[in-house]
Amino acid sequence: MSEGKRRVRVIALGGTIAMTAKDGHAGVIPALDAQVLVAAVPGLNALARIEAESFARVPGAHLTLSDLLRLARRIEQLIGEGVEGVVVTQGTDTIEESAMALDLLLATEQPVIVTGAMRDPARPGADGPANVRGAVLAAASDRARGMGVLVAMNDEIHAARFVRKAHTSRPSAFVSAGAGPVGWTAEDRVRIPLRLSRRVHIGLPPQTEKIAAVALVTAALGDDGRALGTLPGHGYQGVVVAGFGVGHVAGRTVESLARLAREMPVVLASRTGAGETFTGTYGFPGSERDLLGKGLIPAGVLAAPQARVLLALALSAGWSATSITAAYDALSG
């Protein structure tokens, strides 16, 4: 291998990309390590000096924010040792949240790319090898420097703050709703014509291991909000509400949310998955003006799951409500 190639570490967490059938199990389970994933991609060593590391072997749904904090610290260690790009492979169920967490926790300029697969390796048209190749291309590219954590899937490159999983099973499941991908790969070239204006970094003390508990509550037709009052008793330190449309809730839930906002940060997001939370258009009870006037914090462009990640990490770092509000605004551009 040429010494001119960048040093890229592929870190495997498990997920569909690493799943296969095993004796005694019905259905596929995480079984393949990072070395196997790397070996399945023809010509990968021609793109970079590839190193492989197995960090976990779990479904994406089993990952926690504490796992991602440990992963972020491992990535920082690797970059300090001279690694010039990192690829994280994991289950697609939680890629949008994992990428968001790593984006907030890491301050590095070096590329960190998250990828996975919608089809396990034994299925026809398995997309894992192509996605790993695209992720390595991005991780080895100067174009990805300074962009924060990116997601490479299906030949597209997405910013962590915008990416969404928008389909249960198609290889094209990942989109950046309302913004579009920031780039793509083609003919082993990386194109990233769109640059992010601002990034947010949440630095946690080295001794931090436990992440603040934040609930995610979705508004639904006819909901009376009775569950909201129980949240403090369950140990939650913050709440994200995925409201209707631009940030609305049923009128009968307003007082419960107002009481919660006097006890802990309550963030108002949208359940639609695209677009930003409004702040000043509607004025009826349960509208965004009403809720923000009662102390709720607008999530801006962040979808509710990603808004929850930011709030949990910010609370763990001891941030004030003012700093949390400013972070959502900064990520909205």
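List of remarks:
- Solvent exposure ordering (accessible area, 1.4 Å, most first) of Ser270, Ser54: Ser54, Ser270
- Segment Ala177..Gln77, full-extension length gain: 32.7 nm, with 0.36 nm per residue of separation and the alpha-carbon distance subtracted.
- Region 120-181 shape via C-alpha gyration tensor axes, a/c threshold 1.5: oblate
- Cα gyration tensor shape for region 259-333, rounded if a/c is under 1.5, else prolate or oblate: oblate
- Listed by chain and number, the aspartates and glutamates placed with their C-alpha closer than 20 angstrom to that of Lys5 are Glu51, Glu53, Glu81, Glu84, Glu109, Asp142, Glu187, Asp188; residues fewer than eight positions away on the same chain are left out.
- Whole-Hz ³J(HN,Hα) from phi, Karplus 6.51 cos²θ - 1.76 cosθ + 1.60, for region 319-332, glycine and proline x: 5, 7, 4, 5, 5, 5, 4, 5, 5, 4, 5, 4, 6, 8
- Backbone phi angles across region 233-241, fed through the Karplus curve with coefficients 6.51, -1.76 and 1.60 (θ = phi - 60°), yield HN-Hα couplings of x, 8, x, 6, 10, x, 9, 10, 9 Hz in residue order; Gly and Pro are listed as x.
- Order of exposure, largest accessible area first, which applies to Lys210, Lys5, Lys294 with probe 1.4 Å: Lys210, Lys294, Lys5
- Close amide H pairs (under 5 Å, H built 1.01 Å from N) link Val10 with Glu51, Ala52, Glu53, Val87, residues at least 5 positions away or on another chain.
- Accessible surface, 1.4 Å probe, highest first, among residues Met100, Met19: Met19, Met100
- At a probe radius of 1.4 angstrom, the accessible area of the chain per residue rounds to 42 square angstrom.
- Restricting the calculation to Cα atoms, the chain yields a radius of gyration followed by a Dmax of 20.3, 66 Å.
- The string of couplings for region 279-290 from the Karplus curve (6.51, -1.76, 1.60, θ = phi - 60°) is 10, x, 9, 9, x, 7, x, x, 7, 5, 4, 4 Hz, one whole number per residue in order, with x for Gly and Pro.
- Ligands, DNA and RNA aside, Glu276 has an accessible area near 100 Å² when probed at 1.4 Å.
- Accessible carbon and sulfur surface of the chain relative to its total accessible area, %, 1.4 Å: 50
- For Ser323, solvent-accessible area (1.4 Å; no DNA, RNA or ligand), Å²: 50
- Region 176-333 shape via C-alpha gyration tensor axes, a/c threshold 1.5: oblate
- Amide proton proximity set for Ser332, modelled H, under 5 Å, gap of 5+: Val301
- For Tyr236, the accessible surface of its heavy atoms amounts to roughly 80 Å² (probe 1.4 Å, protein chains only, rounded to the nearest 10).
- Total formal charge among the other residues, if their Cβ is under 14 angstrom from that of Ala307, Lys/Arg +1 and Asp/Glu -1: -1
- Put simply, the amide H of Ala213, placed in the peptide plane, has neighbours under 5 Å in Gln237, leaving out anything fewer than 5 places away on its chain.
- Annotation: the antiparallel percentage among DSSP beta bridges lying fully within the chain is about 35.
- Point-charge dipole on Cβ atoms (K/R +1, D/E -1) for the chain, about Cα centre, debye to 20: 180
- Computed FRET value (nearest 0.05) for Glu255 with Asp142, which takes r as the C-beta separation and R₀ as 45 Å: 0.25
- Rounded to 0.05, the FRET efficiency of the Ala166 and Ala46 pair, given R0 = 35 Å and the Cβ-Cβ distance, is 0.60.
- Between Lys22 and Phe284, the FRET efficiency from the beta-carbon distance, with R0 = 45 Å, is close to 0.20.
The values are calculated or read from the model by the stated rules, or taken from the named source; none is laboratory data. Computed from a predicted structure; not experimentally measured. Every residue, glycine as well, gets a Cβ built from its backbone with ideal geometry; the counts of neighbours run over all protein chains shown. Please note that ligands, DNA and RNA were not included when accessible areas were found on the heavy atoms of the full protein model with its side chains. Shrake-Rupley method; radii C 1.70, N 1.55, O 1.52, S 1.80 Å.
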